[in-house]
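Reading through the structure tokens given below for one structure.
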């Protein structure tokens, strides 16, 4: 690989890391990246940038930390089937529901503004189009591994904790087999497979100071998920997918709910339904890709039916918790999107 490409990609990755992580020495960071191995510990994430990158989510980040981040770049094999490897050891987020806070709309672009300067100043034969294609290929085929993902959602007296022992994401071919892929004029589609291993979900009640006095048994324990991500692009120059489809699979799901946790669980389901049907009254969750008016009306009617069903659960006999939860599971099966893989 030419020195120019190493310099450009190192600079690109440096800006990308600096964008999301606080207090990083730029010079040291670029030296480590050029050597092909970067290891950093005890990192604080830039929460404002995360919220700008995820404007459609009705949540705000309270805190975000990474215990250890490793990036391995096989410079001599990037043109073969060897991908950039990103490994995160323990990452923790604490989020809460957003309450009408608006973003300033300013986004930090990570696309290099120095491409033309590099090409003209170094006398390289590389063209801007070639460099963008190379960068896109590296990013699209990145292999991501997360060990110990911790997500906590706090709302009033409810604390939802999700712990995932292992997360792995990689590019695949049309048969959902791991492969080194890229966009082509004949197929403007990219696919990624994400596996979530050993998921534990806890639902607890906290006091006025935010502390949990009594920890209950997990709602979900030792749960495994596989998610297929199907991304369609408008053209080869597109920076983002125009259509993203997700399909999630699991062999089994066992829920454990107590009488005291049922109201908290129902509240969370109501929030999910409101978000799914676009009835959550938060300006940030509104997107520019509005659906047809008839579809919106249908979705709102379906959401109303779902909310009425959930409210009836609250008034029901607590001895029928298991039957009600099973019926709620059937409802989610009816509402789930079409599978793609």
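The values are calculated or read from the model by the stated rules, or taken from the named source; none is laboratory data. All values reported here derive from a predicted model rather than from experimental measurement. Glycine gets a Cβ as well: all are built from the backbone with ideal geometry, and neighbour counts include every protein chain shown.
Observations
- Single residue of 86, 66 found to be within 19 Å of the chain's Cα centre (by Cα) and closer than 21 Å to residue 132 by Cα: 86
- Flag for residue 154 being on the phi < 0 side of the Ramachandran plot, at pLDDT 90 or above, part of a strand (DSSP E or B) and surrounded by 16 or more Cβ atoms within 10 Å (Cβ to Cβ): no
- Residue check, residue 139 assigned to a strand (DSSP E or B) and at pLDDT below 95: no
- Residues being in a strand (DSSP E or B), surrounded by fewer than 15 Cβ atoms within 10 Å (Cβ to Cβ) and without any contact (Cβ under 8 Å) to a residue 60 or more places away in the chain - total across the stretch 46-66: 2
- So residue 140, is it surrounded by 15 or more Cβ atoms within 10 Å (Cβ to Cβ) and within 20 Å of residue 193 (Cβ to Cβ): yes
- Among the residues making up the stretch 257-274, a single one is closer than 12 Å to residue 160 by Cα and not in a helix (DSSP H, G or I): 261.
- Exclusive hit being part of a strand (DSSP E or B), surrounded by 19 or more Cβ atoms within 10 Å (Cβ to Cβ) and under 21 Å from the mean Cα position of the chain (by Cα), set 43, 38, 13: 43
- Condition broken by residue 163, with the remaining ones in (1) more than 23 Å from residue 60 (Cβ to Cβ); (2) within 15 Å of the chain's Cα centre (by Cα) satisfied: (1)
- For the stretch 74-111, taking the residues that are in a loop (DSSP other than H, G, I, E, B) and in contact with a strand residue (DSSP E or B) (Cβ under 6 Å, 6 or more places away or on another chain), the one that is modelled with the highest pLDDT is identified as 83.
- Residues located in the stretch 52-73, provided they are modelled with pLDDT under 90 and in contact with a strand residue (DSSP E or B) (Cβ under 8 Å, 6 or more places away or on another chain): 58, 59, 60, 73
- Test: residue in the stretch 179-186 that is modelled with pLDDT of 95 or more and either closer than 18 Å to residue 245 by Cα or under 16 Å from the mean Cα position of the chain (by Cα) (or both): no
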